[in-house]
Amino acid sequence: MTDHCHLEGPSPEARPRYDAAVRAFNAGEYFEAHELFEDLWREANGPLKVFYLAMTQSAVALHHAERRNWHGATTLWRRANRRFAEYDGGFGRQSLTRLRLVMDEHARRWSNQTEVLAGDPINHRPLFWNE
């Protein structure tokens with residue numbers, strides 16, 4: 001595992017695919033976001049690989065939640081969150097703090113098998129943004 005670090009963001013070659021993954025994630029297209037982040041993960045090395053895996057797991061957690069698979073959603077988010085803990089400094093110009101706070105709130109509900117409320121940020125507010 002790495003020490004807490006700040007990643008500079010995707011490589012110039014990966015930037016278009018990364019941007020597409022973030023757009024899909026923010027649009028609530030979690031299965032598509034998972035596929036796109038997974039492709040980036042397969043090609044990456046080192047800390048960047050861990051970051052892409054955490055984003056893949058976050059997207060899959062949200063996909064599970066949409067299908068009301070609370071156990072799967074909670075389990076995958078916990079795995080992702082452990083990986084995100086390595087990046088306290090953020091990723092590029094993006095802070096991971098908001099993503100982690102919102103996802104933690106969802107995970108509390110998922111672990112209690114509580115329905116996601118109408119108007120909840122899972123469907124109506126981007127959780128990760130791209131500057």
Checklist entry - Tell me, which residue of segment 2-39 that is of a type in the set (Gly, Ala, Ser) and farther than 17 Å from residue 99 by Cβ is modelled with the highest pLDDT? => result 20
Checklist entry - Of the residues 76, 48, which is within 28 Å of residue 108 (Cβ to Cβ) and of a type in the set (A, V, I, L, M)? => result 76
Checklist outcome for this item: Filtering segment 28-39 down to residues that are farther than 9 Å from residue 59 by Cβ and touching a residue at least 24 places away in the same chain (Cβ under 8 Å) yields 28
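The values are calculated or read from the model by the stated rules, or taken from the named source; none is laboratory data. Values in this document were obtained by computation on a predicted structure and should not be read as measured data. FYI the Cβ positions are ideal-geometry reconstructions off the backbone, even for glycines, and counts take in every protein chain you see.
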